[in-house]
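Encoded as structure tokens, the structure appears first; notes follow it.
The values are calculated or read from the model by the stated rules, or taken from the named source; none is laboratory data. Quantities reported herein were computed from a predicted structural model and do not represent experimental measurements. Positions of Cβ are generated from backbone atoms using ideal geometry, with glycine treated the same way; all protein chains shown enter the neighbour counts. Protein only, heavy atoms only, side chains kept; ligands, DNA and RNA dropped before computing areas. Shrake-Rupley method; radii C 1.70, N 1.55, O 1.52, S 1.80 Å.
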There are 2 protein chains.
Amino acid sequence: MVLYYSEYNKFLVAVDCIIFGFDGQELKLLLIKRNFPPAKGEWSLMGGFLKKDESLDNAAARVLFKLTGLQKVYLEQLYSYGEIDRDPGERVISAAYYALIKIDEYDEKLLKKYNAKWFLINDFPNLIFDHNIMVNKALKRLKRKAQSQPIGFELLPEKFTIPQLQKLYETIFQKEFDKRNFRKKILGFQVLQKFDEKEKKSSKKGAYLYRFDQDKYNRLIENGYSFEVNV
Amino acid sequence: MVLYYSEYNKFLVAVDCIIFGFDGQELKLLLIKRNFPPAKGEWSLMGGFLKKDESLDNAAARVLFKLTGLQKVYLEQLYSYGEIDRDPGERVISAAYYALIKIDEYDEKLLKKYNAKWFLINDFPNLIFDHNIMVNKALKRLKRKAQSQPIGFELLPEKFTIPQLQKLYETIFQKEFDKRNFRKKILGFQVLQKFDEKEKKSSKKGAYLYRFDQDKYNRLIENGYSFEVNV
DNA sequence: CCAAAAGTGTTCAGCTTACACCCATGA
DNA sequence: TCATGGGTGTAAGCTGAACACTTTTGG
């Protein structure tokens with residue numbers, strides 16, 4: 001094999017994952033307590049180094065799987081961080097990804113193995129390196145995306161109620177919505193399929209369950225339809 | 001120095017720049033004809049390899065300066081590309097950046113030196129590797145950003161007319177606007193400062209010149225003001 | 001029977017959109 | 001004098017925002 005670029009420097013490349021979950025009340029963040037240097041014992045995002053035989057996307061999926069046991073979850077590249085001294089150990093370029101997971105599906109044993117813990121999005125410890133910056137950017141991205149694309153559903157179970165969905169949007173946008181207007185808006189998109197079943201855990205009356213119809217959404221999108229939640 | 005991460009693989013890291021300009025009529029893209037292998041003689045984005053002593057942002061600024069002679073221009077990270085075989089020469093991770101430049105300010109000699117040429121945004125040659133994908137993503141980003149932030153001004157000279165601004169938005173969004181509504185909307189933001197001077201190149205009557213007031217915009221932003229162009 | 005959450009319609013204000021004519025001037 | 005692009009106002013429709021009461025049922 002001919003090496004065209006042999007004169008140039010090579011770098012360590014990492015991926016870091018900002019993992020969001022929703023417990024029905026609050027938006028949460030999954031963090032690990034590092035048990036290796038540098039910054040051993042401090043809180044951090046889950047990360048890992050890129051390997052020769054994998055793409056950045058695959059590396060992020062691998063890291064996410066390693067911690068949660070989950071596959072096929074919403075995972076999107078956020079931003080790449082390349083400041084010279086961002087990692088005090090050695091120079092590392094890091095591609096940050098954020099994931100939206102259904103919080104009741106993660107693997108409890110793996111979380112213990114990696115000293116991982118869920119934190120409230122507005123009450124979590126200081127993180128190592130530039131990880132706080134990454135989390136802030138991920139939150140901004142989540143807000144923007146959730147406004148114009150139906151990604152909120154990634155954080156909810158397959159079947160959910162309108163009040164649950166509203167609570168999710170309220171915690172993402174840190175803002176309360178009028179329930180009549182919210183319901184009108186969301187149902188107006190015509191991408192929710194209603195079940196006859198009710199969810200009765202959070203009220204005596206019970207709330208009807210719905211499901212996001214991805215196929216219908218895809219069809220609507222092709223016709224220039226737009227999903228826009230007013231914040 | 002202790003090396004914590006010595007067991008991991010290192011990679012070549014590059015930056016590629018999607019450079020946009022506006023000639024008063026059309027949105028344009030600055031491309032170079034590669035005079036080095038692989039893919040010698042083919043059209044490509046301007047790029048370069050990351051050096052030990054510079055951040056990703058600095059590398060992108062260096063590459064942009066090398067080709068255009070311009071500094072302090074609008075330059076934003078777009079996305080990082082890490083597929084294994086994206087560069088047939090050798091494995092390279094590339095961070096793509098996009099730049100908005102004032103088209104009459106670039107350095108003609110440098111463009112000649114690098115075999116660079118401006119192309120219309122909807123009529124440019126096939127590019128090497130994944131550069132077409134990068135350009136598409138940059139275009140989408142530009143559209144989104146221009147809708148919610150006053151970055152269009154980066155593509156215009158310091159003093160510009162309302163019809164020029166409208167033409168710019170029309171070429172970015174590939175859509176015509178009603179001139180009365182456009183003017184109303186833009187002037188309604190109250191961030192344009194009007195001069196008594198007129199620009200008389202494009203009409204006999206002449207059009208008043210304006211300037212984007214960055215300070216005023218910054219002040220408005222602090223108070224929750226939002227710049228939103230309806231498309 | 002009562003507390004707690006689910007569910008439901010209407011009105012008003014503001015914004016977006018559509019639309020047509022006069023003005024200034026160089027050639 | 002005329003062709004060319006610059007500049008201006010108003011009315012209709014739509015969308016977002018505000019707002020209060022009834023229903024259901026477990027405890």
Checklist outcome for this item: Residue hits (region B:200-218; within 12 Å of DNA strand C (Cβ to nearest atom) and open to solvent by 30 Å² or more (accessible area, probe 1.4 Å)) are B:Lys200, B:Lys201, B:Ser202, B:Ser203, B:Lys204, B:Lys205, B:Tyr208
Item to check | Candidate set from region A:15-41 (those that are more than 18 Å from the chain's Cα centre (by Cα) and within 14 Å of another protein chain (Cβ to nearest Cβ)); member that is surrounded by the most Cβ atoms within 10 Å (Cβ to Cβ) | outcome: A:Arg34
Checklist entry - What about A:Lys113, is it away from every other protein chain (no Cβ under 14 Å) and over 17 Å from A:Gly21 (Cβ atoms)? => result yes
Checklist outcome for this item: Filtering region B:43-58 for residues that are facing another protein chain (nearest Cβ under 7 Å), in contact with a strand residue (DSSP E or B) (Cβ under 7 Å, 6 or more places away or on another chain) and open to solvent by less than 30 Å² (accessible area, probe 1.4 Å) leaves a count of 2
Checklist entry - Which residues, taken from region B:178-195, are touching a helix residue (DSSP H, G or I) at 6+ places or on another chain (Cβ under 9 Å) and more than 10 Å from DNA strand D (Cβ to nearest atom)? => result B:Ile186, B:Phe189, B:Gln190, B:Val191, B:Leu192, B:Gln193
Item to check | Candidate set: region A:196-210, residues that are away from DNA strand D (no atom under 11 Å from the Cβ) and over 28 Å from the mean Cα position of the chain (by Cα); chosen: the one nearest to A:Leu156 (Cα to Cα) | outcome: A:Glu197
Checklist entry - Does region B:141-171 hold any residues that are charged (D, E, K, R), closer than 19 Å to B:Gln77 by Cβ and open to solvent by 40 Å² or more (accessible area, probe 1.4 Å), and which are they? => result B:Lys143, B:Arg144, B:Glu154
Item to check | Residue satisfying all of: in region B:79-109; modelled with pLDDT of 95 or more and aliphatic (A, V, I, L, M); farthest from B:Leu120 (Cα to Cα) among these | outcome: B:Ile84
Checklist outcome for this item: Pairs returned, first residue in region A:185-208 that is farther than 30 Å from A:Ile221 by Cβ, second residue that is open to solvent by 100 Å² or more (accessible area, probe 1.4 Å) and within 12 Å of DNA strand D (Cβ to nearest atom), beta-carbon separation under 7 angstrom, 6 or more apart or interchain, are A:Gly206/A:Lys200
Item to check | Within region A:176-195, tally of residues that are open to solvent by 60 Å² or more (accessible area, probe 1.4 Å), within 11 Å of DNA strand C (Cβ to nearest atom) and in a strand (DSSP E or B) | outcome: 1
Checklist outcome for this item: All conditions in (1) away from DNA strand C (no atom under 16 Å from the Cβ); (2) in contact (Cβ under 8 Å) with a residue 40 or more places away in the chain; (3) under 23 Å from B:Asn230 (Cβ atoms); (4) over 21 Å from the mean Cα position of the chain (by Cα) are true of A:Ser226 except (1)
Checklist entry - Has region A:152-166 got any residue that is touching a strand residue (DSSP E or B) at 6+ places or on another chain (Cβ under 6 Å), away from DNA strand C (no atom under 16 Å from the Cβ) and not acidic (Asp, Glu)? => result yes
Checklist entry - In region A:147-172, which residue that is under 19 Å from A:Lys102 (Cα atoms) and hydroxyl-bearing (Ser, Thr, Tyr) is nearest to DNA strand D (Cβ to nearest atom)? => result A:Tyr169
Item to check | When residues of region B:211-231 are limited to those that are in contact with a Pro (Cβ under 8 Å, 6 or more places away or on another chain) and not in a strand (DSSP E or B), the one nearest to B:Glu158 (Cα to Cα) | outcome: B:Tyr217
Item to check | Selection count where residues are more than 9 Å from chain B (Cβ to nearest Cβ), of a type in the set (Val, Ile, Thr) and open to solvent by less than 10 Å² (accessible area, probe 1.4 Å), scope region A:63-97 | outcome: 2
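Based on what the data block shows, is A:Lys109 more than 30 Å from B:Ser55 (Cβ to Cβ), in contact with a helix residue (DSSP H, G or I) (Cβ under 9 Å, 6 or more places away or on another chain) and surrounded by fewer than 20 Cβ atoms within 10 Å (Cβ to Cβ)?
Details: more than 30 Å from B:Ser55 (Cβ to Cβ): yes; in contact with a helix residue (DSSP H, G or I) (Cβ under 9 Å, 6 or more places away or on another chain): no; surrounded by fewer than 20 Cβ atoms within 10 Å (Cβ to Cβ): yes.
Against the criterion (more than 30 Å from B:Ser55 (Cβ to Cβ), in contact with a helix residue (DSSP H, G or I) (Cβ under 9 Å, 6 or more places away or on another chain) and surrounded by fewer than 20 Cβ atoms within 10 Å (Cβ to Cβ)), A:Lys109 does not qualify.
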Checklist outcome for this item: Checked A:Ile133, A:Ile128, A:Ile84, A:Ile93 against criteria (in the same structural domain as A:Met46 (by TED's automatic domain parsing), within 30 Å of B:Lys51 (Cα to Cα) and part of a strand (DSSP E or B)); the one match is A:Ile93
Checklist entry - Only one residue in B:Lys175, B:Lys143 is more than 16 Å from DNA strand D (Cβ to nearest atom), out of contact with any Pro (no Cβ under 6 Å at 6 or more places or on another chain), assigned by TED's automatic domain parsing to the domain that holds B:Leu70 and among the charged types (D, E, K, R). Which one? => result B:Lys143
